[in-house]
Structure formats: structure tokens, C-alpha cells
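Structure, as C-alpha cells:
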Amino acid sequence: MPINITIIGLGQIGGSIGLALAGQSQLLTRLGHTRTPEIYREAMKAGAIDRYEVNLPHSVDNADLVILALPFDQIHETLEIIAPVLKQGAVVMDTSPLKQPVIQWMQELLPEERYYVGLTPVLNPLYLHEQGSGFSSARADLFHDAVLGIIATQDSPSEAIKLAYDLAKLLQAMPYFSDAVEMDGLMSTVHLLPQLMAASLVNITSNKPGWIDAQKLAGKPYAQVTSGADTDTPEALASIVKSNKINTVRLIDSLIDDLIELKQNILADDQASLTAAFARARKGEAQWWKDRQAFQWANEDMTLGIEAPTMGEVLGRFVGLGKKRSKKNP
């Protein structure tokens, strides 16, 4: 019997997961749900889903695995609706950039013998400079040559954790195990802060009287820095910041300190310090980009010694997951 996977949210991430799992119709079925009805036809035509369900609770009636590929601010509301109808042994995964609040919601709302494992997807370097977040940006190889963060809780049975590992392999990503506190700190640095910087730059430039002329001259530096302003929706970004105050304030303080030091060096006409600071930044960015393109971390042990499964082993783990233990007694 095919394994039932429900993907809620068919934007770039959800659509790409569906596309990456295509060609396995004898082994799994992919059901999609989205708040944007016009996406259904596009997703079906592209082969990202096998069928769709417009009714949210009905979309998870028979799901063995539910993937919430949603903006952060939509997860709690969605979980409130689907949690009561999840079948025994079902596993819920999310792809949001913030995990600690999501874990709390899962603990509060998931019934017994329904389980959670968080995912933090990272994009194939081929697509890092592409803009867009909708289904039109979905790619079957979106997660190739990148890590897939896996965040489990004390209530996650080993079968659910292995399932997340197996999913990473099906997506041709490298599993990267982390806890929620560490992951939230890391993602605040590389996902949240760039968006805050982009938003600030746009707000201090586009709303000024001189922007009428300045916009005609804005080129590569402005485009590269401000492109991050459309990663998360405004509502989702505001929710992430509100739910992640400590990390957000810490990073803003660090940024302010660095800018103050830069300002002081400028006022002091300190050519050597300015050159050194800019050189460090250029070297650091170049090294990161080189390593990122080469998938420099591919040989590192990020999998806790778990061996790669065969396709049959991968899908076999969906069956009967979690029925031998209760949620509160892992």
C-alpha cells in the first residue's frame, strides 16, 4: 500500500519537496493543500502532487506524514485545525526557520501517538541568487548539495527521526542534526539578520526625497543586499522577530557595534583599519561562497552514524510509526 504524504503549502519549498518525490507512485502518494487555489492546477501539471484537497482537515485524514511548508505565522493556526484529525502514528514536520515556538505548539496540540520532527531546509547554491518564493520557483533539485537540518524533541521516537533522515536522502540533501536552541541561534544569524538588514536599507533609502533619482543609479550592491527583503512574508518575519526576541536583539546590538566602529574609523580617517575591515569581509564572503558551491561539508559527520537506507527501507519506515510507544513515555 502506498505511503500517504500530505504537503501543506505549495510554495517554493513545498512544491520542491513534491517534485523531488516524483516518480514513486507505486511507493507513495503526494497530496497537496494550499490557500491559493490557482496553484493546484499548476502543481498537478508540473507533477509536484498526485492529487489535492481543498478542505484542510480532510487533507490529512489518511496522512502518514504531514509536511507543513508554511510561513511561520501560519503554523499554529494550521496545526490547531489538523491536529485533532491526525491518525495514530502520523508524523508532522515543518520547514519554518524558527523551531522552539513550533515545538511548544506541537507539544500542546498534538494528540498522543502523533509525533513531530522539525526540518530546516537549505537551498542548492545554484538557486541562492534567484528571487521568488512561490511555486514557480520550485525545483526538483532545490535541496541538492545542501544540508537539511533535522530537529527532534525528547518525544520524537527513533523511527520518526530516522524518517526525517530518510526524507533528506530522498531530497538528495545531507542530514544535519541539531537541537532547537542551537538551530534558532544559527538561523537568526544567517536567515533573520540578513532580512532585517535588507528591510532597514530599503526603508532608509526608498522613503527619502532623493530616492527618485537614486533609484535610477541603484545597481548590483543595492540589489544583492536588498534581495533578502522578500524571503519571508512581512507577517511571518514580524512573528519570527517577536517570537525570537533574545537572538534578534543580540544580533542587532552586534550589528550596531560593528557600524559604530566603522563610523569611528571613518571619522578618524583610519585608512588602515577601514581597509582591513573591508578585506576581512571580502575574504570571508569569498571563502564561504567557495565552500558552499563545492559542498565543502559533504564529508563531515553530521548524521550521527546513521547509514543511508535503501528506497525500500526508507518507505517501509512510514508504516506503523510510533504505535509501540506513547508520546509522553518515549
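The values are calculated or read from the model by the stated rules, or taken from the named source; none is laboratory data. The shown structure was predicted, so the numbers you read here are calculated from the model rather than taken from an experiment. As a convention, Cβ positions derive from the backbone with ideal geometry for all residues, glycine included, and neighbour counts pool all protein chains shown. Areas reflect the complete protein model, heavy atoms only, side chains present, ligands, DNA and RNA absent. Shrake-Rupley method; radii C 1.70, N 1.55, O 1.52, S 1.80 Å.
Annotations
- Qualifying residues in the range 16-72 (those that are touching a His at 6+ places or on another chain (Cβ under 8 Å) and not in a loop (DSSP other than H, G, I, E, B)) - the one farthest from residue 2 (Cα to Cα): 56
- The range 73-94: number of residues that are part of a loop (DSSP other than H, G, I, E, B) and either within 21 Å of residue 247 (Cα to Cα) or open to solvent by 20 Å² or more (accessible area, probe 1.4 Å) (or both): 2
- Among the residues of the range 253-284, the ones that are open to solvent by 70 Å² or more (accessible area, probe 1.4 Å) and under 18 Å from residue 187 (Cα atoms) come to 1 in all.
- Residues considered: 111, 97. Of these, the only one that is assigned to a loop (DSSP other than H, G, I, E, B), out of contact with any strand residue (DSSP E or B) (no Cβ under 6 Å at 6 or more places or on another chain) and crowded, with 19+ Cβ neighbours inside 10 Å is 97.
- Scan of the range 153-196 for residues that are part of a loop (DSSP other than H, G, I, E, B), within 30 Å of residue 229 (Cβ to Cβ) and not acidic (Asp, Glu), ordered by number: 171, 172, 173
- Residue check, residue 133 open to solvent by 30 Å² or more (accessible area, probe 1.4 Å), farther than 30 Å from residue 219 by Cβ and of a type in the set (S, T, N, Q): no
- For the residues 248, 205, the requirement of being under 30 Å from residue 77 (Cβ atoms), hydroxyl-bearing (Ser, Thr, Tyr) and either in contact (Cβ under 8 Å) with a residue 24 or more places away in the chain or in a helix (DSSP H, G or I) (or both) singles out 248.
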